[in-house]
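Report on the following structure.
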Amino acid sequence: MKDLSYQRIYKSREYLSALGQIRYRALFGGYSLSVDGTVFAMVSNGDLYLRACEQSAEYRSQHAAPLLTFMKRGRPVLLNYYRVDESLWHDPQKLNTLSSWSLAAAKTEKMQRTGAPRLKDLPNLTFQLETLLREAGVHDYATLRQLGSKTCWVRIRHLNSHLGIKVLFALEGAIVGLHEAALPALTRQALTDWFNDFQKEHDAPHWGI
């Protein structure tokens, strides 16, 4: 069974590489999977379990995904991680989307628990972007999240007209706790559509930085 778990860990690393470098360690008789120190999944008895979150509630309801159970002092204890079945392994895009939601939710909870970091310490945000955001009245993570990526992007674009869609992706990733390359495809498409509409209304196409 240990060999099966290792095989599942290596497969998870391969399929979910867009999330970042995935590390693992022994936990609760299985293994936790983490990115940048944030645990988003577990491997137990050869199966992958993703951290349950609000975004994945519909999928879990439709598929009746069982939760991870481990024994504590002879009693079963349910953990907030749901099992990835074989059909999901055959749909890498959906698997990556669900996994990115798990990671984002785990990072958000971690930030709320440990206190909000500086803007430049969030994923994708540089010191230069932090400076622009502060000049635009966005001084902390709470404000960034409340306003949303689109409003914040519009604000800082007034200060630097060369900013393009990559910065919009960066802001969204910072809010949800993901590298911009790991944003779910549906999120990227929605932001792209909004960006294109904005460009049509305000200027000629400008993809920028």
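Observations, loosely collected:
- Residues in the stretch 37-50 that are open to solvent by 30 Å² or more (accessible area, probe 1.4 Å) and at pLDDT 90 or above: 39, 45, 47.
- Residue 122 under 20 Å from residue 177 (Cβ atoms) and either in contact (Cβ under 8 Å) with a residue 24 or more places away in the chain or under 17 Å from the mean Cα position of the chain (by Cα) (or both): yes
- Residue list for the stretch 78-90, filter: exposed (fewer than 14 other Cβ atoms within 10 Å of the Cβ) and part of a helix (DSSP H, G or I): 86, 87
- Checked against (1) polar (S, T, N, Q); (2) surrounded by fewer than 20 Cβ atoms within 10 Å (Cβ to Cβ); (3) modelled with pLDDT of 95 or more, residue 93 passes all but a single condition, namely (3).
- Test: residue in the stretch 155-176 that is modelled with pLDDT under 95, among the polar types (S, T, N, Q) and closer than 19 Å to residue 128 by Cα: yes
- Inside the stretch 13-30, residues that are open to solvent by 30 Å² or more (accessible area, probe 1.4 Å) and assigned to a strand (DSSP E or B) make up a count of 5.
- Residue match in the stretch 54-70 (condition: open to solvent by 40 Å² or more (accessible area, probe 1.4 Å), closer than 14 Å to residue 177 by Cα and part of a strand (DSSP E or B)): no
- Check on residue 98, more than 24 Å from residue 184 (Cβ to Cβ), open to solvent by less than 40 Å² (accessible area, probe 1.4 Å) and in contact (Cβ under 8 Å) with a residue 24 or more places away in the chain: no
The values are calculated or read from the model by the stated rules, or taken from the named source; none is laboratory data. Worth saying up front: this structure is predicted, and the values here are computed from it rather than measured. Cβ atoms come from the backbone with ideal geometry, glycine included; neighbour counts cover every protein chain shown. SASA here: full protein model, heavy atoms, side chains in, ligands and nucleic acids out. Shrake-Rupley method; radii C 1.70, N 1.55, O 1.52, S 1.80 Å.
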